[in-house]
Each structure stands twice: as C-alpha cells, then as structure tokens.
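Shown next, in structure tokens, is the structure this report addresses.
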Amino acid sequence: MSNSRKMIFGRYDYAAFSALFSYASVSVVIPVALVSLARELGFDLESGGFAAGGALELSRSAGILLTMILSGFIAGKYGKRRTLGIAAILVGIGMLVCSYAPAYSFVFVAIGIAGLGEGVIEALITPFVNDLHQQEAGRYVNVTHSFWSIGVLCTVIISGILLSSGVSWRFLILACGVITIIPALILLLPQKPGSKYPEHPEPQHWKHISSQIIAIIRCRRFWVFFGAMFVAGGGEYCLTFWSASYIQLTFTAAAWIGGTGTGIFAAGMIIGRMGGGYLFKQHHLRQLILYAAILGIITTLLFQAVDSLILFFILLLLSGIASAPFWPSIQTYAVDRLPDKDSTMMYILLSCAGIPGCGFFTWLLGYTANISGNLSTPFYIIPGCFIVIFILIFSDYLLNERK
C-alpha cells in the first residue's frame, strides 16, 4: 500500500499545520484543566458536575456550527486564506476572555466565542489543503490533520505537568490563545509571487454557492457519509475530552497523569494519521476506515475490563491509532465517491456533521455519568460510535460500489 511519490510542503501547508495545532490546543486545554476549573468555579465533577462540564463542549460546538454553516459563503467572497487568518485571531480573543472568567457562565460564553473562529478553521482547513494538492488530497489531508493530534499531545502533557506543579488553569488557557497568532501571521502577511494561495479568480456569488449546497443535500448517498462523520466526531472527541477526567477519577491519579493519558491517545492519533497519509493510497481509503473501525471497537470495549493504568494507556494508544483516520478519511473518501459535487462545500457540510457529533456525544457521556455515578459505564458509547461507522461505510460499499 506504500506510495513512493514524494510529498512536498510549502508556506500554506505550514499555515494549515499551525492552524490545526493551535485549534487543537485551545480545544483540549479545557478538558485537561476541567477538574481544576470546575472546583474553582463551583461545579465540582465529583459532586455531580459532569453534565455542566460536558455542556461546555455544547457551547463550543454551537459556535463552531454557526460559522461552519456560513464559512462557505464568507470564503466565497473573501477567499479561504484571509477568512482562516481572521478566524485564528477570533479564537485567540475567545481564549483571552476565558482566561479571565470569574464564573462558569463567562467560561461558557467565552468558549462559544472561540468556537466561532474554530468553526471556520474546521470548515475550511481541509478544502484549503485540497486546493493545494488536488491530485493526492487524501494523503496531504491525513498528514495535515495529524497536527491536530500533535497539538493535543503537546498541550495535554505540558498542561498536565504545569497543573500538577500548581500553575493556574487560567495561565494555560491564555497561553493556548496566544499561539493562534502564528497561523494568523502566516496566512495574513503579504504573499510572495511564488507562494500565492490558489484562490478562485473571482468571488463566488451566494446563489452559486447555495446551488452547490442544494445539489449535495439532495444526494441520498451524501447522508451516509454525513451520518458516519457525526458518530466519528463523537467517538474521537469523547476520548479526547473525557480521558483525562476518567483517569483522574477512576485511578485516583494526579492531573499530570490524566494529561499523559490524553497525550498517549493523541500519540496514537499522530501515528494513525501520519501512517494513513504516507502508507495508504487514495483508492485504499475505504479499507483504511473499515480496519480502523474494527480496531477501535475492540480496544474501547476493553476499557472497563482493565484495572491497570499501564494497560489502560496501551488501550488508549491503540484507540488513538484507530480513531485517527476517521475524520480526514471519511471526508476525502466522500469527495472521491461523489466527484460531481463541489469539493469545498462537501468538506464543509461533512464537518457540519462531525462537530455536532463532538458536542452531542461529549454531553451525552457526561449526562449518562451523572445518572450512573461514574464515567466507566458511559464509555460504552464510544465503541457504539465505531460500530455505526463500520456499518455505514460497509453498507455504502455493498449498495453502491458493486453497481
């Protein structure tokens, strides 16, 4: 399955790498610091505050979803490059506000503000890379998305260590907001003649963009991939959001150990996405998704069967490898299977499924934990997500590819 063609990266690849890195950092710093943040702001997780903690992700997801829906129209008028640059600045502003929040309600609103910028990044970063590398988009998108996992890994390890050393969660959130300056500068500084981003030569009218959206949502096959993205977002982000808290509460571990666990999951994501990008050709994406789903089902079903932290870490690593290909590969596979539909709007609409999936299943896991009194039983939601992915992609193959 190897592909010997050399991958070449330029200025805007590095902009995409840093945008996803900073996006991941601001997304995961809240989950890592959640136990400390909750105690200070009065919704202690151990006293039944799981639902309030999960609701923070609903706020973020609402902000993300709002701008994701609008991002195609905004980018059609102003171009993807400038739109992404402004979005990075907006994320930084939201995190700045969050770092000074005096109460839970302020954190809730500030995360929603950051989510407005994150929504643009989420919607446009994949088509942004697709425009740069249209011949082998699947490979470049997988490698680019690995920087989400790299951002998660770096953030959770550093944040866990600093929290255990007595550093305030406020400083960590502020620092994650500051790093959004890097992609903003790369994207917004004047372009050199030899490194211009390939925008559309003329702004696209909103009626043209609307017609592209209508053509996609009328396609029945699109909704199979839409559903797969919804549960893929849920399975992946439940692991990202709740792993640190699960480790701290189930194994009575320190914050840095919880952060290490999330970091191990992120390391698995890096391996899975880098490996998927370098080893799997475009026409192997379906097999990659199905194999990953099987591995994810097995590893996450074993979570409750282990009482050793080391074994749990091993399962987290394997779960990260399994979860890694879903988000980028389902999107690029869908675009590949529906070549007559506009690729930019396909990526945006599919992300509009993944982000609500992140928010809904993260909240559902926390809500279920409130009822059960622990985080262990609700973790069965995660393999359930992976089972649905397998069923949808395999059913699509049986119903359509054989024709």
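The values are calculated or read from the model by the stated rules, or taken from the named source; none is laboratory data. Keep in mind it's a predicted model, so treat the numbers as computed, not measured. With ideal geometry, Cβ positions are generated from the backbone for all residues, glycine too; neighbour counts draw on all protein chains shown. When the accessible area is computed, the model is the full protein with side chains, heavy atoms only, and any ligands, DNA or RNA have been set aside. Shrake-Rupley method; radii C 1.70, N 1.55, O 1.52, S 1.80 Å.
Projecting the alpha carbon convex hull of the chain along each direction and taking the average yields 18.6 nm². Note on A103 and R221: with the Förster distance fixed at 51 Å, the Cβ-Cβ geometry gives a FRET efficiency of about 0.65.
The helix-based estimate of mean residue ellipticity at 222 nm for the chain, built from -39,500 (n - 2.57) per DSSP H run of four or more residues and divided by its residue count, is -27000 deg cm²/dmol to the nearest 500. Calculated on the alpha-carbon coordinates, the convex hull of segment 79-219 measures out at 159 cubic angstrom per residue. Backbone phi angles across segment 331-346, fed through the Karplus curve with coefficients 6.51, -1.76 and 1.60 (θ = phi - 60°), yield HN-Hα couplings of 5, 5, 5, 5, 4, 5, 7, 10, x, 7, 9, 5, 5, 4, 5, 4 Hz in residue order; Gly and Pro are listed as x.
Per residue, the chain exposes 39 Å² of accessible surface when a 1.4 Å probe is rolled over the protein heavy atoms with every protein chain present.
Each part gets one Cα centre, and for segment 314-333 versus segment 211-268 those centres are 9 Å apart.
In this simple spin-label approximation, S308 and E40 carry label points 7 Å from Cα along the Cα→Cβ vector, and these lie 3.7 nm apart. Applying the Karplus relation 6.51 cos²θ - 1.76 cosθ + 1.60 with θ = phi - 60° to segment 27-41 yields 3J(HN,Hα) values of 6, 9, 5, 5, x, 5, 8, 4, 4, 5, 4, 5, 5, 6, 9 Hz, where x marks Gly and Pro. Net charge in the neighbourhood of R170 (other residues with Cβ under 15 Å of its Cβ; Lys, Arg +1, Asp, Glu -1) is 0.
Relative to the compact-globule estimate of 2.2 N^0.38 Å, the Cα radius of gyration of segment 286-403 comes out at 1.20.
The base-10 log of I(q)/I(0) for segment 227-324, evaluated at q = 0.11, 0.15, 0.22, 0.23 Å⁻¹, reads -0.32, -0.58, -1.12, -1.19 [Debye formula, identical scatterers on Cα atoms, solvent excluded].
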